[in-house]
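Enquirer: Below you will find the structure I want to go over with you.
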Amino acid sequence: MAYLQPADYPNYGLPTGTTADWITAATALINSYCRRPDLNVMQYTERLRVTSGSQTVLLSYLPLAPLGTASSPVVGIEGRYAKPRRGEILSEPLFEIVWAFSLPGQWTAIDPNSVDFDPITGELTLPWNVLGLPYNEVMVTYTAGLATIGDDVKTACAQIVRNAQSTPALNASKTKIDTMQMQYFSSSLVDETVQAWLRPYVANRLG
């Protein structure tokens, strides 16, 4: 869905006659810059390694937000104690027991209510598994995004349109703005000011 509606144009400095294709192209450029399909709340699934000695992971898409009537953004989570990486071999007596009962490699469902989360940073704190050992890999299904598109995203969208309309190669008379053409000029259209507005929504670890 486009991040600006016709009723928003005057409030964000755009002429009322601005055609929808400008807004659609600017919205696509924002999604591309943020490396996510949409800034509205939607569901994601990530498989993450847990750093040795830690019980936390960082999710890529922020902010965490429940979808609909859900009370938590964590929809489902599984963890496993996989084969240790080099330098992570356990020295505890439980090591032999773990291997004897074939725990490594087995995915175990984790109660989402037992997971602490920070909606702003995307940090999840995991519980210990049944043997008191830390998980070293998790699969998390969660929801993240903006329940309401805020002024920062709307302003960024309007600024991209203004930047595009002031770019000679894009400011010709056209019946439709090509999203690929907008992408070609993305380095100048998504300027430092736009980047500052969108910084909280750029996916972690993906760019």
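Enquirer: Look at the range 13-24 and say how many of its residues are surrounded by fewer than 17 Cβ atoms within 10 Å (Cβ to Cβ), closer than 17 Å to residue 166 by Cβ and of a type in the set (A, V, I, L, M).
Expert: Residues in the range 13-24 being surrounded by fewer than 17 Cβ atoms within 10 Å (Cβ to Cβ), closer than 17 Å to residue 166 by Cβ and of a type in the set (A, V, I, L, M): 0 in total.
Enquirer: I need every pair where a residue in the range 174-203 that is in contact (Cβ under 8 Å) with a residue 40 or more places away in the chain has its Cβ under 6 Å from the Cβ of a residue that is of a type in the set (D, E, K, R), sequence separation at least 6 or different chains.
Expert: Close Cβ pairs (under 6 Å, with a partner that is of a type in the set (D, E, K, R)) amount to 176/21; 177/21; 197/152; 203/35; 203/36.
Per-residue answers, yes or no, for (1) surrounded by fewer than 14 Cβ atoms within 10 Å (Cβ to Cβ); (2) within 15 Å of residue 115 (Cβ to Cβ):
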{"residue": "7", "(1), (2)": "yes, no"}
{"residue": "11", "(1), (2)": "yes, no"}
{"residue": "52", "(1), (2)": "yes, no"}
{"residue": "65", "(1), (2)": "no, no"}
{"residue": "75", "(1), (2)": "no, yes"}
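Enquirer: For the range 18-46, how many residues meet the condition of being modelled with pLDDT of 95 or more, of a type in the set (S, T, N, Q) and more than 24 Å from residue 141 (Cβ to Cβ)?
Expert: 1
The values are calculated or read from the model by the stated rules, or taken from the named source; none is laboratory data. In this text, all values refer to a predicted model and were calculated from it rather than measured experimentally. Backbone-built Cβ (ideal geometry, glycine too); neighbour counts: all protein chains shown.
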